[in-house]
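The values are calculated or read from the model by the stated rules, or taken from the named source; none is laboratory data. As the structure is a prediction and not an experimental result, all values here were calculated from the model. Cβ placement follows ideal geometry from the backbone for every residue including glycine, while neighbour counts extend to all protein chains displayed. Only protein heavy atoms, including side chains, enter the accessible area calculation; ligands, DNA and RNA are left aside. Shrake-Rupley method; radii C 1.70, N 1.55, O 1.52, S 1.80 Å.
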Amino acid sequence: MSRKRTLSIILFTLILLATVQFESGLQQFTTSGVSYSSGFRQPTLTIKLVFLGINATQIDQPYLTSDLNVPKVKYQSVLQGSVNTGVQFNFNYQTVFANTSVVSNFVSYLGSGIQEVHDRLALSTPYTFNPYFNNATSDIRYVQNTFYNASRVENYFASNLDLYGTAPVPGYTLFIADLHNFPGVPSFTYTQYQQDRRQINSPCSPNCTATVHYYNRTTTDLDLQEPQTRHYMTAWGGNYRFYYIDMSAGPSYWTGDLPIQVASGVNNVTLTSPYARTWTTEVVADYVSGAVMNLFAADVLYPVTYSRQYSFHLFAFDNRTAAERALGPAMDKTVNTTRIQTALAGLLPFATVTVDAKFLRTDDYPDLAKVIHDSAGLIDPNIHHHVVDARPVYEWLRTGGNGQGNIKKWITVQTDTTKIDIPAFVFAFKGDYNFGFTGKGDVFMPASHNHGSVDSIFGVALPDMVLASHGEYNLNTNAQAILNHDVGVGFTATLTHEFGHMMGLNHPFIYDSTEDFTDTVMAYYSASTQYSQFDHDTILRGISDALLGFAQSELSATSANLFNAGQIANANSAISRANQKYDKMDYKGAVQDSVDAATNAQAANNLSAFGLSPSLLSGILGLAVGVAIGFLIGYLFLQQRQGRGASSGSQMQYGRCPTCGRPLRWDPLMMQWYCDNCKHFVKQ
């Protein structure tokens, strides 16, 4: 290849480079269910409302789904700190009215052997029979309690979801029932309510009976085998992405709600009147709002934080008397670390989860024993049990603020994306003692209405540790009679609950107490030992939200250059993959892609400072190309002229005399070439 051709190719290449456009901005990403910008995420959830025993004429559907009655938008809050997570939920609503045959089949299933009927005297030992009717002023003498097996009802709906259409994805289904018009479902009536409250002038007969129905379950304490009956529920769910509420069940002593057919009478609503449709719609909307806010798009107690490993450390102190220790149970029988680890590993499937326990005696730590002793003696006015004030104990342990930092005697806590340590200090107190908080109340447990009172608790999730306690009377329910050793309530459920708080989970009854009837250890009433499907979604969705929000913030602050182009591309690809899985409610699968997105976005931002910005790089390259083109053009022009001078022997050689061939001399005065040999000027 000739030199001229080679230089021509180089010139063409440089001109082509000069026309290259460098990308100076970052792409904005959207998917069908999620859009975000600068770290702010807006997931959309579809809430499907399925009505059983309620027809379309009873509900004003536009009014029901108005933002006056149900949430259309919710900013997810972090309740401990009063901030939001940067996530805005948007809700769409669908309504389905099950036909009569479908509802009749369900009612037949309820009567097919999954129910228990208990006829009991209304006045009996409190909390032995139906607590709602335990009042001395009632004219009700007998209560026929019909209990439907809550778990089997939930499984029925799980097996028959296709009867109600396609389940929303992403989204949840809420079944809302009113069964009081079906003869097979014994339901409380307004007349019975009046008899109970002695609002009828003529008293009922001595055998006046209330007929009521509920949903029930019975569990056993994981550690010490105490039976825990939960008979009086009006709703249930938690193992699937749906929830069931029976508005005709009750009355509920736990939530204080009356069945809808009774509430209409109490509120003087005639169900055949024009206003009845509006009133019924508003009642339904209240139930819908509770389920959406508590379960489907729950707030969190603490920020949901990602790490590759979560290590839960139990420091279990025996603070009982010598006689109580001899009576039992032994401390290692009061907690099951394997059960706790299994539950937490299911909640955090993307990480390594470890749980370890050390069993200690407060006698071996005199300073701690003194703090406990000096903080004891208060009385819980609600249950008349003794209380150890938790605040001084926490102050003695904690390192933050004005804390004394004694936690370091047992552990140095690590909190980063490699590992998060969660310590729990667990105490077995003597007698009926438990931890408590003085004052008006706190975020963890409803307080008494008495100013300056104290409320006892089993456990509390504080920002940097868990405190938990059971008295000997909890660990051994017959301790006073020294009978039935080792039967009671252990620490496993309490610690699983508190560790759930530490991960960010909240109670499911913040906005409406109905959702306390949920199969989750985070509830109070249900006596569950597991995390619900709603809990799993809250944590896994929250992890992805946090990581993807971080990735977007990093990319927004990143200047693209030759050094970070690969990381930017990888981050954008991972964001797209994560959002696709997120939209399909594959929250577990979305986590790893979210981690990849955050990792690459952070790496890209870190490389911003070591590279040239696209605009500056374009300017430098443009200048360099221009200079190079100028030199090349001049060089080629010069070569072309020299080539023309030597191409023919008849032509004058440049710089030599055409007569003698000797070199010529430039005469600056005459501004001409001069041949010294021929003695004359030569024109060039």
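At-a-glance table
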quantity	calculated
Residue within the stretch 559-566 that is touching a residue at least 60 places away in the same chain (Cβ under 8 Å) and not in a helix (DSSP H, G or I) present	yes
Qualifying position, being modelled with pLDDT of 85 or more, part of a strand (DSSP E or B) and not β-branched (Val, Ile, Thr), among Asn155, Asn90	Asn90
Some residue of the stretch 478-486 being at pLDDT below 95 and either open to solvent by less than 50 Å² (accessible area, probe 1.4 Å) or within 26 Å of Leu348 (Cβ to Cβ) (or both)	yes
Hey, Ser101 in contact (Cβ under 8 Å) with a residue 12 or more places away in the chain, within 30 Å of Pro183 (Cα to Cα), open to solvent by 50 Å² or more (accessible area, probe 1.4 Å) and outside any strand (DSSP E or B) or not	no
Qualifying positions in the stretch 48-74 - closer than 22 Å to Pro170 by Cβ and in contact with a helix residue (DSSP H, G or I) (Cβ under 6 Å, 6 or more places away or on another chain)	Val50, Leu64, Val70, Pro71
Boolean, Thr57 is more than 23 Å from Ala546 (Cα to Cα), in contact (Cβ under 8 Å) with a residue 40 or more places away in the chain and exposed (fewer than 11 other Cβ atoms within 10 Å of the Cβ)	yes
Test: residue in the stretch 224-233 that is buried (at least 23 other Cβ atoms within 10 Å of the Cβ), over 21 Å from Thr477 (Cα atoms) and within 28 Å of the chain's Cα centre (by Cα)	yes
All positions within the stretch 407-432 that are of a type in the set (Val, Ile, Thr) and either surrounded by fewer than 18 Cβ atoms within 10 Å (Cβ to Cβ) or in a loop (DSSP other than H, G, I, E, B) (or both)	Ile411, Thr412, Val413, Thr415, Thr417, Thr418
All positions within the stretch 577-604 that are open to solvent by 40 Å² or more (accessible area, probe 1.4 Å) and either part of a helix (DSSP H, G or I) or without any contact (Cβ under 8 Å) to a residue 24 or more places away in the chain (or both)	Arg577, Gln580, Lys581, Asp586, Lys588, Gln592, Asp596, Thr599, Gln602
Leading residue by the ranking (surrounded by the fewest Cβ atoms within 10 Å (Cβ to Cβ)) among those in the stretch 520-543 that are in contact (Cβ under 8 Å) with a residue 40 or more places away in the chain and in contact with an Asp or Glu (Cβ under 8 Å, 6 or more places away or on another chain)	Tyr525
